[in-house]
Structures are given as C-alpha cells and as structure tokens.
Amino acid sequence: MFNANSFSLILIAYLCLTFAYAVNMWFSISGVYLLIASVSILSIAIFLKNPLKISNDRKEDLLKLTLILFVLINFSINVVDINGELSFAMVVNRLSLFLSILGSLLFFLYSGGQNKIFNFLFNKKFLILIILAFVIELTSIRILKTPDIDVLGVLKNGPLRVLALQNPYETSATNNKLSDVNFGYYHYAYGPTTIYLFLPFDFIFKDPRYLLIIASMVTAYTLYMIAKLSGQGELVSQLLPLIYLFNPRTFYFLSYVLTDGLIISLMGLALLFLAKNRFKLFSVAVAFALGIKIFYAIPFFFFLKLKALRKPGVILWGFLTLFLIHMPFVLLNFRALYKSIVSINTNPEVFSLLRRAGLTFATLMDRQFHYYPPEKFFVISILLIILIAWIFIPKAKNLANAICGVSVVFVLSVFFGPIGNGNYYSTASGLLLFALASFNLNND
C-alpha cells in the first residue's frame, strides 16, 4: 500500500528526477539512469509496508540543504561571463542571484541576538527570497528579450489573432489557402487555454513570459498553502516553494517560454482546491491544465486512484470544462484544431527531428544500437503502462499517495513515448513537491 511517511524517499526521487533533465536538457545516459532511479525510489515509497518515519527537524534539514544546493547551481549555470559592458538588467540579475545565496544561508542561522538588522533579515528571509526570485525572473526575460525558439512566436502572435476575429489554429500548416500569409508562427501547437490566458499579456506587455512569472508565483503560493493545511509547520511551508522557485531550470524554462510552468501552476491551484475538499473546482483547474497539453491526461487520469475523486459529478465537471474550453475553436474549424494539436505533433517527421535528442527509451535504443522503434511501439507502450499501472498501483490513501502514483506514470509515459523534452519531466518533478507539501493530508 502507499506510504505517506516516506518523506525522504520522495525528496530523493524529486532530486533524481530534477537532475535527470536539469544538467543535460536533452538526451544523456546519466539522465536515463536518474529516471530509472527516480521511478524505483518512488515505487519503494509506494509499496513499502513499513513506514519510514522522519522527524520534523530532519525534514527541515533536508529541505534546507536542497535549497542551498539549488541556489548555488542556479548561480553557477545562469551567470555567464561575456565581453563588453553589462546591461542594467544583467547587473541586477547577477546581484540577485548572489544575494539569494546569502539569503538562503539565513535558514541555517538562529535569531535571538541584539542586532536588529540581522533579526529583521532573519524574520523576513522567506519574503526576501521570494522577492529575489521575482527580480531574477523579471530580469531574465529582459536580458533574453528574443529567445531563439519558435514557441515565442506561437504564444506571442497566436492569441492576438483573436482580437482580429481570426482563428489562431488556421495557418499555412492547416489551410493551404493561407500558404502565402506569415502569421509569425507555423502552427499553433497548444490547447485553447493558452489563447485565453496569454492574450491579455500579449496585448498589454507584448511578451507572453510575464504570465509565466505570475504562474511561478502562483505555484509558490499553492505549495505554501497546501503545506500549511497539512500541518507541515512554517519552516517546511516556506522551504518547499523556495525550492520550486530556485529549481536549476525554472529561470531557463521561463526565459524560453516553455508552458510547463503554467501547467504546474494550474495543477497547484487544482491540488489546493483538492486539499480544501473543493472537488469540482479541482476538476475545473485540471481541465484548464489539460487545455494546454491534452496528452498530460494520461498521467493525470491516475488521480482517480483517490477515492474522493471517483464521483460522477466530479468527473463530469472536468469533462464539461474541457468541452467548453475547446468548443469555440471546434465550431470555427475542428480540422484546424485537431491538426494543430494532434496530427502535426504526432507526425513521424517530428519524431525523426527529435529521435536522437529526447530523453526517451527510443532515443536510447537509437544511440546505443542504431535502432529506432516503429510508431506502433509507442502506442503499445503507453497502453501497457496505463494497464499495468492501473492494476498494480494501489488505491491512494491520501493526496500525497495519489501524486506519487501520477508522477510514476508521468515519467514512464514520457520515457516510453516518442518525445521526452526536459520540460516534460519538470512537470513530473514539480508534482513531487506537492506530494511533499501534502503529507498528513487525508482526502480519502
């Protein structure tokens, strides 16, 4: 049965999963081994019969070490030497990264002395680090104003077409009559949720990444609130959101407009609703997350291992919300919607472009044995993962248990799927932080 006391095991699994994609963004043999390690450790936590109890002091020490490790890695990989003068944004960014190291050290010190300045800094260390993270994110997008990635054009130009009464999903990729029109992107590969949420930021700020900054702060807030609701204590409740914000790749993913940060923020809201037994709102929030990347429905389906969610009304609210999110674009042009979100993204040509880059089993086979599996391998693998996982993963006794199960399926479905980008695994690792936050919270 699931074990809710294996805090240290889940934290180690989180670290293995994080470093699987954080050090090498694409394929690496070390990444493969770390993925295997994370799934194995999570499986031990799930099926362990004798609980591994850990004191609150021990939890705090482990989280403090994780935070300082992440802050140091962030400073190492994000502060790059360049020739010439630094811009103001660069100076502020580097200074904030350095100050975050000093700020995290405050968690290893104790107050009680007569120095008012130190006592003030000690008492406000959580707020100080939150502000520093916000400044780092803000200056990161000012430094890298136009990242060399096609996602920026998609999320910056696509939603704005709604204001011109145009369908973002209709491009030269989905309509031959538009072959001579340049919309600033080839095809809109994301679900309608991104259109609704990015539109005001594209219109007002001319940059979709401002939404991702807000999303990261929402994630931090939900981690803090869930940890408080589960009785983790103030220190653990502060450390978990800081660990998320200073994850070694959080600033990178934000700068390059990768949407998984938005997905994890919506899932954070969903899990906060679930922690408060607001089951219908949980379903609505999950539907909005799936409205970004619909194939995440495979691992999210395993939230149904939690008995409280296996109610017709709760499931119906999720399907209804998902239906309403997609309906306007279904009515406009279903073919364009389906081709943009599904057909093009599952095209063999797309797989071939990433066959030697993704962190997947198929890439491992290709690199080691020069054999790339046929398309049917991926379909069969995903179906087997769903079937075997549903049979062998026990019913969840609480929210932490359910999240662990979802994370295992998430990692396996990406690893045995055709595309395994680092940002996909970041969503799975982010969910594990919510498993740590929701310890002792019973939603059965």
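Can you tell me which of Asn182, Asn78, Asn401 moves the most in a GNM of the chain? Springs connect C-alpha atoms under 10 Å apart.
Asn182
Given charges of +1 on the Cβ of Lys and Arg and -1 on the Cβ of Asp and Glu, with all other atoms neutral, how large is the dipole of the chain about its Cα centre, in debye to the nearest 20?
Value, rounded to 20: 1060 debye.
Note the listed values [x] 33, 28, 22; [y] 107, 43, 18; [z] 42, 25, 24, then indicate which one is semi-axes √(5λ) of the Cα gyration tensor in Å calculated from this particular structure.
Answer by label: [x].
Can you sort Ile403, Ile385 by how many other beta carbons sit within 10 Å, fewest first?
If I rank by nearby Cβ atoms, fewest first, I get Ile385, Ile403.
Taking 22 Å as the cut-off for C-alpha to C-alpha distance, list the pairs among Lys64/Lys125; Lys145/Lys177; Lys64/Lys276; Lys124/Lys228; Lys64/Lys228; Lys280/Lys339 that go past it.
Among Lys64/Lys125; Lys145/Lys177; Lys64/Lys276; Lys124/Lys228; Lys64/Lys228; Lys280/Lys339, the Cα-Cα distance tops 22 Å for Lys145/Lys177; Lys64/Lys276; Lys280/Lys339.
Amide H neighbours of Ala396 under 5 Å, counting only residues 5+ apart in sequence or on other chains, H built in-plane at 1.01 Å?
It is Leu306, Lys307, by chain and number.
What is the local net charge at Val71, summed over the other residues whose Cβ is closer than 14 Å to its Cβ (Lys, Arg +1; Asp, Glu -1)?
+4
Say we join alpha carbon atoms closer than 10 Å with springs in a Gaussian network model of the chain; which of Gly184, Gly31, Gly430 then has the biggest fluctuation?
Fluctuation is largest for Gly184.
Among Ser283, Ser8, rank each residue by its count of other Cβ atoms within 10 Å, from fewest to most, as a rough exposure measure.
Ascending Cβ contact count within 10 Å gives the list Ser8, Ser283.
Which helices pass in the chain if a helix is a full DSSP H run, must span at least 18 angstrom along its long axis by Cα, and must have mean Kyte-Doolittle hydropathy not below -1.0?
Helix filter hits for the chain: 7-22, 29-47, 56-78, 88-105, 125-143, 192-204, 209-229, 260-275, 312-338, 375-392, 399-415, 422-437.
With springs only between Cα atoms under 10 Å, which of Gly191, Gly261, Gly313 fluctuates most in a Gaussian network model of the chain?
Among Gly191, Gly261, Gly313, the largest GNM mean-square fluctuation belongs to Gly313.
When the helix-only estimate is applied to the chain (DSSP H runs of n ≥ 4, each -39,500 (n - 2.57), divided by the residue count), what is the mean residue ellipticity at 222 nm, nearest 500 deg cm²/dmol?
Calculated at 222 nm, the ellipticity per residue is -21000 deg cm²/dmol.
Is the shape of segment 234-352 best called rounded, prolate or oblate, per the rule: a/c under 1.5 gives rounded, else a/b larger than b/c gives prolate, else oblate, with a ≥ b ≥ c the square roots of the Cα gyration tensor eigenvalues?
Taking the square roots of the gyration eigenvalues as a ≥ b ≥ c, segment 234-352 is oblate.
Let me have the relative contact order for segment 7-437, percent, based on Cα pairs under 8 Å that are six or more residues apart.
21 percent
All of the numbers you see were taken from the coordinates with simple rules; none came from a lab. All of these numbers come straight from a predicted model, not from anything done at the bench. Note: ideal-geometry Cβ built from the backbone for every residue, glycine included; neighbour counts use all protein chains shown.
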